[in-house]
Amino acid sequence: MNIPLRQYWSLLVVYLRPQKRRAALLAVVLLGSIALQLVNPQIIRFFIDTVKNGGDLSTLAATGLLFLGVGLATQALSVYASYLGTDVGWTATNLLRSDLAAHCLELDMPFHNERTPGELIERIDGDVTALSNFFSLFVVRIVGGGMLLFGALALLYREDWRVGLVLTLFAIISMAVLLRFQNFAVPATTAEREASATLYGFLEERLAGLDDIRANGAGPFVMRRFHEIARTLFHTGRKAQMMRTLIWVILIGFFSLGEIGALGMGIYLFQVGSITLGTVFLFFQYTELLQGPLEQISLELQDLQKAGASIGRIEELLKIKREMRDGAEDLPRSGALEVKFDHVTFEYAPGVPVLKDLSFELAPGRVLGLLGRTGSGKSSLTRLLFRLYDPTAGSVTVGGVETGHARLRGLRTRVAMVTQEVQLFHATVRDNLTFFDESISDARIMEVIDDLGLGDWLERLPDGLDTELAGNGGGLSAGEAQLLAFTRIFLKDPGVVILDEPSSRMDLATESLLERAMVKLLEGRTAIIIAHRLSTVARADEILILENGSVREHGPRAGLEADPTTHFHRLLQTGLEKEMA
């Protein structure tokens, strides 16, 4: 896998441009540090030659103090350059991580269905973290090292062209080897990152299903698979590390040859009287300075190979484009919305329809009870309303606007859903209600809570809106979690509400609160209730029964209930819960 240098450069430019002032300051600090590193060997040469020529003590003392001052200043500038580089690098890294997360959130549902959350975490966090050094110390070491390299060679040519020529050849051969092996370890590093992503995905899935694993005694099987994946990561990681280290091993040999060449030339020129003893030491010092940048460049190229693998995978992810295009039409901003399915057929997989030629209309403000066995297409119907998917054939209309023509943000604001499994975050009650939207005031939140009759419930929480919830709503009952979900919907004020049997997991303490909240929620809104209990069906104006993706029965609830020939009437007689199992 060969990543062109222009690809590295383009990535650097995009994410360093917003920090151009700090990047410019970093360049100035680098130049100052490099200049001081080149000056110190000159001071040492002067000191040695002064001693050899019998110079006075005060001159030597002043020279020594100058050497110490320049050394301290060099270290201070180097530390500050590293600080600036790290700060700039991590800022750029976070910008890239934010862009990747936003890109993934916009991708179509089939993309997310094919990948585990653990894998995406590794892509967005792991691969981007591997680039942190590329964005920070890469600039300090590669650019700074290159400038130091050219500066040292220029001063060597000034002293003696023959020494400059020998060490120039040494630097050229070393750089040629470095460039030749630049991408040597990228394929192995890519395999290492892939193995890491597999391990993250495995751990995420198993931790999510921990209760089932324990209940079924599957622990030994999970551990066996874990060891297999970890073994693969170990072998791929070892191979990648060995290949990345190979460049460093090769450079050790070149460094030895460089020192031999510099000392040999220095001894020869000293013996023939062309240079002083201080200049011999100067040659040795500049040779050491050459080795430093080359070694830094070697280390950075190892990181560059890691970055190359990450850049390749990031580029691959960014090349995935969503097929679902955003519309340009706005839904009505207020009031209940009409829902219409017109000869809708929908397939997750080609040739396997989940919904078949489905047609129905739901007038604004009406409540639809949606019934059907598992697999009948109820969930797929609601996903089309949110436009998580587009229908294979036919059209879905909300508020007079076809979903394919509506702005996605507006559509998903005007349509809201309460599921049985409410997603809550490790954050305060306030943040869970507002989805971290700081523009929603506490006064507005309290207004909605009081309107729903949940004020007493909120007062029972230890810190009110500031109460910290554990991950997945730990510390709240299922009923309390759904009460939070109801409040979220009121804060959005949608025109269409979808309820997936919100009272199915309700405890007695919160059921009465939910009943009151549900009555308030349905006022002035169109609603679809996926029903599993008779008490929920009783609040519907219309009933729609799905069977194998098609409409088996649809009509006013009262009419279907009174007609003994209808399927709905038979469900009421035999028991809805039993029939819908």
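Observations, loosely collected:
- Test: residue in the range 165-172 that is polar (S, T, N, Q), farther than 30 Å from N40 by Cβ and modelled with pLDDT of 80 or more: no
- Unmet requirement for E194, which otherwise passes all of (1) among the charged types (D, E, K, R); (2) at pLDDT 75 or above; (3) more than 28 Å from the chain's Cα centre (by Cα); (4) within 24 Å of G308 (Cα to Cα): (3)
- Hits in the range 464-480 - residues which are touching a strand residue (DSSP E or B) at 6+ places or on another chain (Cβ under 8 Å) and either outside the structural domain of F490 (by TED's automatic domain parsing) or not in a helix (DSSP H, G or I) (or both): T467, E468, L469
- Residue check, R224 within 30 Å of Y286 (Cβ to Cβ), in the same structural domain as L290 (by TED's automatic domain parsing), modelled with pLDDT of 80 or more and surrounded by fewer than 17 Cβ atoms within 10 Å (Cβ to Cβ): no
- Qualifying residue in the range 257-278 (condition: without any contact (Cβ under 8 Å) to a residue 12 or more places away in the chain, within 11 Å of L167 (Cα to Cα) and assigned to a helix (DSSP H, G or I)): yes
- Residue in the range 227-268 that is surrounded by the fewest Cβ atoms within 10 Å (Cβ to Cβ), counting only those that are over 21 Å from L290 (Cα atoms) and among the polar types (S, T, N, Q): Q241
Listed here are the residues, each with its yes/no results for (1) among the hydrophobic types (A, V, I, L, M, F, W, C); (2) in contact with a helix residue (DSSP H, G or I) (Cβ under 6 Å, 6 or more places away or on another chain).
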position	(1), (2)
P18	no, no
A27	yes, no
I48	yes, yes
G55	no, no
A61	yes, no
V70	yes, yes
A73	yes, yes
S78	no, yes
D99	no, no
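- Qualifying position, being in the same structural domain as F360 (by TED's automatic domain parsing), modelled with pLDDT of 80 or more and on the phi > 0 side of the Ramachandran plot, among G524, G495: G524
- Candidates R231, R214, R193, R224: the one that is under 26 Å from G312 (Cα atoms), free of Cβ contacts under 8 Å to residues at least 24 places away in the same chain and part of a helix (DSSP H, G or I) is R231.
- The sole residue among H112, H103 that is within 51 Å of the chain's Cα centre (by Cα), within 30 Å of A195 (Cα to Cα) and buried (at least 16 other Cβ atoms within 10 Å of the Cβ) is H103.
- Scan of the range 298-345 for residues that are small (G, A, S), modelled with pLDDT under 90 and buried (at least 16 other Cβ atoms within 10 Å of the Cβ), ordered by number: S298, A307, G308, A309, S310, G312, G327
- Test set (1) touching a Phe, Trp or Tyr at 6+ places or on another chain (Cβ under 9 Å); (2) of a type outside the set (A, V, I, L, M, F, W, C); (3) surrounded by 14 or more Cβ atoms within 10 Å (Cβ to Cβ) - G64 fails condition number: (3)
The values are calculated or read from the model by the stated rules, or taken from the named source; none is laboratory data. Everything numeric in this text was worked out from a predicted model, so none of it was measured. Ideal geometry is used to build each Cβ from the backbone, glycine not excepted, and the neighbour counts take in all protein chains shown.
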